[in-house]
Structure formats: structure tokens, C-alpha cells
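Scroll down for the structure; my scribbles are underneath it.
What follows draws every value from the coordinates through simple rules; no lab data is involved. Quick caveat, the model's predicted, so the values are computed rather than measured. Positions of Cβ are backbone-derived with ideal geometry, glycine not excepted, and every protein chain shown enters the neighbour counts.
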């Protein structure tokens with residue numbers, strides 16, 4: 001310990017020891033404190049580098065590394081250096097032998113000619129300890145206040161920056177392991193109370209700038225990438241007991257498509273249940289709402305985006321036909337009420353299903369060719385297999401002489417864009433709920449191989465209770481689709497297009513995630529994230545160039561995650577599963593739940609559109 005202290009003190013003396021007040025060894029002590037202050041920085045840097053490869057995997061190995069970094073760099077080495085330097089000054093003051101050179105010892109014992117301090121060995125080696133100075137003060141009030149500032153205030157300020165270093169090393173993950181880095185510093189403070197107060201004051205003064213500037217390299221290392229974090233949350237699925245361990249053989253897709261499933265045979269009906277005599281029927285059990293479907297990994301989703309795969313239901317063959325048509329005046333079952341909107345492929349009508357006596361939305365698609373109609377049919381069939389409380393439902397598909405009729409759930413309410421313009425921007429709580437619920441709807445759709453490709457505020461309907469719903473999966477996806485179709489039609493809204501889709505690349509789940517983040521940003525600011533351009537083509541060019549996001553909510557708690565979710569590189573964006581975890585954690589810390597209104601609750605008897 002004495003050898004460590006003398007080595008550091010000699011190094012600091014050669015590094016910085018001007019013959020200025022209060023003395024060359026006082027300046028050397030400051031320099032020694034600066035070197036000691038770099039040790040906790042090294043511990044935080046080590047932890048940050050380890051997390052770059054492990055993400056949020058906190059098993060026995062990673063926790064051991066974090067705890068060892070805190071114990072060694074934040075407590076043990078600083079404590080050994082402080083105690084060693086203290087022992088060196090104490091030995092020189094008592095004229096005991098030390099590892100210091102004779103010239104160094106001589107300068108320590110000389111009276112300072114530059115300031116009021118006498119022999120520096122006496123000043124740093126024989127003064128009262130920190131405990132004696134604070135508990136049994138013997139000096140006047142001004143000096144005592146100065147002592148408290150140097151011995152308590154400065155170490156407390158250092159603790160703040162050591163805590164910030166530890167938190168910076170734990171970015172994009174749970175913060176509780178940061179305690180393993182800053183608690184050892186608190187232990188260091190307590191176990192140095194027996195050191196000379198004069199000596200420790202100069203050591204803490206040198207320690208402070210190192211702790212402040214040390215925050216910069218920890219921030220520079222950065223947080224682990226979202227792909228590493230996502231990998232740390234994925235758990236390997238064990239193989240079934242009846243199958244050998246190892247990768248299963250991959251059959252050819254063409255062979256799978258030629259296999260025909262056996263015909264469905266309904267099971268025989270069960271006899272009616274007869275309760276025993278005297279048995280009381282229990283009350284009905286309340287069933288909790290189903291959890292959101294887990295998001296597959298990124299590679300699987302990219303494959304789904306490139307190849308739609310088999311239809312989720314309905315036999316192969318031509319589109320369904322309806323000899324009598326869709327509408328009631330042509331012998332159909334639906335009665336037109338009013339048009340709800342018009343898009344690139346056709347008109348959406350509010351209609352009444354006369355057979356089931358319910359209000360529905362009928363999207364009458366005017367496909368320009370048979371291939372486009374086949375795409376729409378495939379998309380509608382896939383979307384009908386998606387079941388999520390915040391995702392529009394597809395009830396039926398009916399052919400009509402005027403086009404293909406897609407019968408969908410009608411959600412009465414107001415577009416999110418109109419709600420923001422009329423009622424004002426959302427707060428962080430409402431935005432978190434919007435993000436979680438819409439991410440769940442997209443996750444359920446992606447799990448069935450369905451991409452939305454046009455997530456925007458106009459395609460989020462807020463019902464009279466303030467709950468959001470994702471609508472209009474109206475752009476048929478197929479391998480090779482781009483921003484501009486063969487007919488010159490623009491796919492998606494330019495203000496909310498991801499850079500890769502705007503530049504002509506195929507849509508992916510990551511582009512849906514970008515558009516959802518842009519929608520949440522709009523809800524917080526009332527502006528598209530890239531701002532408004534003079535026309536659609538200018539907006540498209542701005543999206544394709546990946547121009548800077550100038551209209552982000554700078555004061556929002558979600559700014560960091562929004563910026564990451566709208567990264568120009570799709571591989572660096574957090575997945576929807578990661579976004580859901582982050583938002584659920586934020587809501588939990590705020591004492592809130594994901595389910596709830598995102599706007600003010602409206603009177604259900606008053607339609608909003």
C-alpha cells in the first residue's frame with residue numbers, strides 16, 4: 001500500500017508540481033487525486049464495452065464483471081492509493097523511512113516560501129483527520145464551513161458524476177446494476193474518514209474534474225445496439241423430446257405447396273352436460289384479454305415481407321363470385337349509407353349488413369388488372385387472420401360487378417390527425433399508450449405476414465372512448481413492390497415514409513416501425529418529423545434523401561427512443577418488441593397501464609366523423 005502511494009505521489013510530483021501557492025506537493029496531491037479519479041471512469045468504460053456485446057443479458061458472468069469493476073476500480077484501487085499517500089506523508093513527517101527519494105523527502109520537509117503553508121509533510125501528515133474535523137470541530141465558523149464544503153460537498157458532487165457514469169454505462173437497459181458501480185464509491189468515502197483532512201481535501205479537489213470529464217468517454221462508447229439488445233431478450237426454444245437435437249431438414253417450398261391437407265372432419269357432438277343433483281352453477285369466469293402475439297425475429301419477418309406464402313384460409317382457386325352482387329339494389333345483402341373515403345384502389349363506404357343487422361365498412365376496390373385484384377384478395381385473406389383489439393377486422397370478401405368488396409369492421413371515431421389538430425398535441429402518457437397499442441396491432445399483423453406500409457395519423461382512428469385503432473391495410477404487398485407502382489401510383493404518404501421505401505426499396509417490418517414512430521412524433525408535435533414540404537414530390541425527395549428530422553418533440557421523455565426508431569439505417573432501429581418493452585417499462589415507472597384513452601373521452605352518442 002505504501003509502495004503504491006509513493007509511486008503515484010512521485011509520478012504526480014513529476015507530472016505537475018509548480019512552485020506556486022500553496023506548494024509543489026499540494027499541487028502534486030491534486031494531480032494524484034486526478035489520476036485516482038480516472039479509475040472509476042475506467043470501471044464504467046469496461047462495463048459499457050461489455051454491454052456492447054451482451055446487451056441486457058444479466059447472468060452470473062456479466063453481473064460478476066460489473067461487480068468486480070465497481071469493487072476494483074471504484075473502491076479497492078482508489079482506497080489503496082489514498083491510504084498509501086496518507087501513510088507516505090505521515091512517515092515523512094515522523095522521519096520514518098519511506099520508498100520516496102531523498103530529494104523528494106527533503107522538499108517535503110522544507111517550509112514553503114510561496115504561501116502560508118509550512119512544511120508540507122507536517123501539513124498533510126500530522127493534521128486532524130476527517131472524522132475529528134467534522135465531529136469535533138476546533139476552528140472558527142468560516143473555516144469550518146470551508147472544511148464541510150471540501151470534505152462533504154465536493155465528495156457528494158463527485159458521487160453525482162460517478163452515478164451518472166454508471167447510468168450512462170447502463171443505457172438502453174435496466175438501471176439497477178448501476179448500483180454496483182456507485183455504491184463502492186460511497187464505501188470509499190466512509191472508509192477514508194481516518195485520513196488527514198488537509199490531504200483528503202486536495203485529493204477530492206483533484207478527483208472532481210476527472211469525474212466530470214470522465215462522463216464524456218462513457219457517453220462516447222455509447223449504448224449497445226438494438227439488435228444486440230433484442231438478441232439478449234430472445235430465448236432459445238428447446239427441441240421436442242421426440243426429435244433429435246440439430247437443425248431439421250429444410251424441405252423445398254415447391255414440394256410443400258404441392259401437399260394437400262386432409263379434408264376437415266368435424267368431431268362428433270358431445271352429449272349435453274347434466275350437473276349432479278344439488279350442484280350449484282358457479283358464476284361465469286372473467287377471461288382476461290389475450291396477450292399480444294410475440295414478434296418473430298427480424299430475419300423471419302424480412303422473409304415474410306418478401307414472400308407472402310400460403311393463404312391463411314379459403315381454398316385455392318379463382319376469387320369468390322357472387323352472382324347477385326354486393327349491394328342490396330342488385331340483390332346483395334349490404335345497403336349503402338354514405339362514403340367514408342376514397343383511395344388509390346377505390347371507395348370505402350359506410351354500409352349496413354342487412355342479414356346480421358350491423359354497420360360495416362365496405363372497401364370496394366377497383367383493381368386495374370387481374371394481378372392487382374389477386375394481390376388485394378391475398379392481403380384481405382391474410383388480414384382476416386389477424387386478431388387484435390386495436391387492429392381493424394376483416395369480416396368477408398365478396399365479388400361485385402364493380403370490383404372486389406372487402407367487408408371490414410367499422411370503427412366510429414376521429415382520425416388521429418384531426419384529433420391532434422382540434423384537441424391539441426398528446427402528452428407523454430397518451431403518446432406511450434398510442435405507441436404500445438399500435439405496436440401491438442402491427443406485431444399481430446407482422447406475425448401473420450401482413451405489412452401495413454402506410455402507417456400515418458390518418459390511418460389511426462380514435463373511438464369515442466379515446467382508444468386508438470389501426471385501419472386501412474389497403475396497399476397490397478408483393479415481392480418487388482416499390483414506392484411508385486407500375487401505373488405511377490405513389491405507395492404510402494410521403495411525409496410518413498421511411499427513407500428506404502421512399503428510395504424504392506421493398507417495405508419491411510422496420511419500415512412499418514419507422515412510420516409508427518413518425519406517427520407518434522406527429523401526435524406529440526402536430527407536425528411530420530421532417531416538416532411539411534410544398535408538394536408531395538418534394539416530400540418524397542426529402543424522404544428518399546433521409547433529410548434530418550427537424551420537428552421532433554425535444555421536450556418529450558420519448559425523444560431518445562423516437563430518434564432511434566427513425567434511424568435512416570433499418571438495421572439500427574429497435575424492433576416493435578423492443579419498443580413495446582421500453583414503453584411498458586416507462587408506463588410502469590409512471591404508475592400507469594398501457595390500456596387507456598389517448599385523447600379525451602368523447603360522448604359515445606355523438607359521432608366524431
Q: Please report 599, 580, 57 as a ranked list, fewest other C-beta atoms within 10 angstrom at the top and most at the bottom.
A: 57, 580, 599
Q | segment 448-474 and segment 16-54: distance between their alpha carbon centers, rounded to Å | A | 54 Å
Q) To the nearest 0.05, how large is the calculated FRET efficiency for residue 72 and residue 396 if R₀ is 56 Å and r is the Cβ-Cβ distance? A) 0.25
Q. Which distance in nm do the two modelled labels at residue 359 and residue 157 give, with both placed 7 Å along the Cα-to-Cβ direction?
A. 6.5 nm
Q: Quickly work out the residue 3-to-residue 532 label distance, labels modelled 7 Å from Cα along the C-beta direction, and quote it in nm with one decimal.
A: 7.4 nm
Q | Separation of the residue 557 and residue 216 label points, Cα + 7 Å toward Cβ, nm | A | 3.1 nm
Q | Chain lengthening between residue 465 and residue 385 when straightened (0.36 nm per residue, less Cα-Cα) | A | 26.2 nm
Q.
Students often check this: by mean Cβ neighbours within 10 Å, which of 72-84, 198-210 ranks highest, and how do the rest follow?
A. 198-210, 72-84
(Q) What value in Å³ per residue do you get for the convex hull of the alpha-carbon atoms in segment 2-222? (A) 122 Å³
Q: Would you please classify the overall shape of segment 361-483 from the alpha carbon gyration tensor, given that a ≥ b ≥ c denote the square roots of the eigenvalues, rounded means a/c under 1.5, and beyond that prolate means a/b larger than b/c while oblate covers the rest?
A: prolate
Q: For segment 496-527 and segment 133-172, compute the distance between their C-alpha centroids and round to whole Å.
A: 47 Å
Q) What order, most packed first, do the peptides 441-448, 220-227 have when packing is the mean number of other Cβ atoms within 10 Å of each residue? A) 441-448, 220-227
**Q.** Potential extension, residue 141-residue 16 segment - 0.36 nm per residue separation minus Cα distance
**A.** 41.7 nm
Q. Between residue 584 and residue 503, what length in nm is gained on full extension when 0.36 nm per residue of separation is reduced by their alpha carbon distance?
A. 25.9 nm
Q. How high is the FRET efficiency between residue 109 and residue 148 when r is their beta carbon distance and R₀ equals 25 Å, given to the nearest 0.05?
A. 0.25
